[in-house]
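Notes for the one structure printed next.
The values are calculated or read from the model by the stated rules, or taken from the named source; none is laboratory data. In this text, all values refer to a predicted model and were calculated from it rather than measured experimentally. Every residue, glycine among them, receives a Cβ derived from its backbone with ideal geometry; neighbour counts consider all protein chains shown.
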Amino acid sequence: MEVKIPTYVYIQRNAINKLGKLLERLGSENAVMLTDRIVKEIVSKKVEKIPFSGIFFVERASILEAREIVMNLGYGDIDAVVGIGGGKVLDVSKVVATELNAEFISVPTTASHDGIASPVASFKENGKPVSISTKPPIGVIADTEIIKSCPKRLIHSGFGDLISNITAVKDWRLSRDLTGESYNEVAVAIASMPAHLMLNKAIEPDFKLENDIETLLRGLIMSGVAIAIAGSSRPASGAEHKFSHALDYLGFGAGTHGEQVGLGTIIFEYFYEKTYNDGNWELIRNSLRNVGAPTRAEELGLTKEQILEALIYAKKIRRKRFTILEAINPSKEDFEDALKQTEIVD
Ligand SMILES: [Zn+2]
């Protein structure tokens, strides 16, 4: 299996100034830019010298939106798709680049999840989450100056999505031991080492996530690389992601992806600690608290009943992906107990 991972990764102030040079280096002669109107205002001065063949505004995150852009481009000889924006823009850009068989350059303007560099596009179709495999970006340009000015809540979400790798890789290891699933130590190391690094920083009393955006971005980009190496989201998505998907399916609460998986990480770390003596849920909870991410159901607009329903529903999601949910099959009472112990509900 050939693994494609980003070759050009820039994480620094004013990194966006490197975009023109990167396109030249790739020999691109026919690049298009996908963005949204707000981002365009912010970056237009910085990219005005780049001779894009077209600029498209992504209005909705949907497969249809991507197809429409591809049709508009008429399958012309576009050789590079530059996505500049948040998750919505990047997801659509990934699909467009893949359909056109063009290079994809990811220019994130937020640090809200690990989709920045992953070969997976996530959409909500008719309210249900759908994932599509795409080609990974050849380049990632993360301009910390731009990302610093995105809403804090999005940065906190990115923190949640990064530390969720901690329980995700435990689920993979559990499956290796109990079901014989194939396992990739390199992908696990790449996904979990930045997550632990970030976690250890975040429990320091005077830690400010806003001052350490680079570590967060590096971790999120590495998560994408781990996904590319594994050939699936396995190293970055376990039971805590099933729980988040369950909330989305059921339409409960108002959390972002990263906030939901962060809460899920507390819950499943609790089960790992309790069942296998492998984990420290308090450390996870304290780190989330310290960065300002939600650690209680009510902060996400969730009732105790909703969160219990989502945890039970999570058992039905993607059953083939073996996690601690399948291994110990917690009862409603077990979940209730976990929520109380972890102070997620009163
Ligand atoms: Zn995620």
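Being within 19 Å of residue 114 (Cβ to Cβ) and more than 16 Å from the ligand (Cβ to nearest atom) is true for just one of 217, 209, 174, 178. Which residue is that? One residue alone meets the criteria, 209.
A count restricted to the stretch 46-77 and to residues that are more than 27 Å from the chain's Cα centre (by Cα), at pLDDT 90 or above and among the aliphatic types (A, V, I, L, M) stands at 2. In the stretch 7-73, counting only helices (runs of 4 or more DSSP H) that sit wholly within it, the ones holding 2 or more residues that are in the same structural domain as residue 121 (by TED's automatic domain parsing) and more than 27 Å from residue 123 (Cβ to Cβ) span 19-25, 37-47.
Among the residues of the stretch 249-278, those identified as surrounded by fewer than 20 Cβ atoms within 10 Å (Cβ to Cβ) and either touching a residue at least 24 places away in the same chain (Cβ under 8 Å) or assigned to a helix (DSSP H, G or I) (or both) are 249, 250, 251, 254, 273, 274, 275, 276, 278. Only one entry of 246, 327 meets the criterion of being within 16 Å of the ligand (Cβ to nearest atom) and either on the phi < 0 side of the Ramachandran plot or over 22 Å from the mean Cα position of the chain (by Cα) (or both), and that entry is 246. Only residues that are surrounded by fewer than 24 Cβ atoms within 10 Å (Cβ to Cβ), part of a helix (DSSP H, G or I) and of a type in the set (Gly, Ala, Ser) were counted in the stretch 137-186, giving 1.
Filtering 317, 227, 284 for residues that are within 16 Å of the ligand (Cβ to nearest atom) and at pLDDT below 95 leaves a single hit, 317. Considering each residue of the stretch 287-310, count those that are in contact with a Lys or Arg (Cβ under 8 Å, 6 or more places away or on another chain) and outside any loop (DSSP other than H, G, I, E, B), and give that number. Residues flagged as in contact with a Lys or Arg (Cβ under 8 Å, 6 or more places away or on another chain) and outside any loop (DSSP other than H, G, I, E, B) within the stretch 287-310 amount to 2. For the stretch 252-281, taking the residues that are of a type in the set (S, T, N, Q) and within 16 Å of the ligand (Cβ to nearest atom), the one that is farthest from residue 328 (Cα to Cα) is identified as 256.
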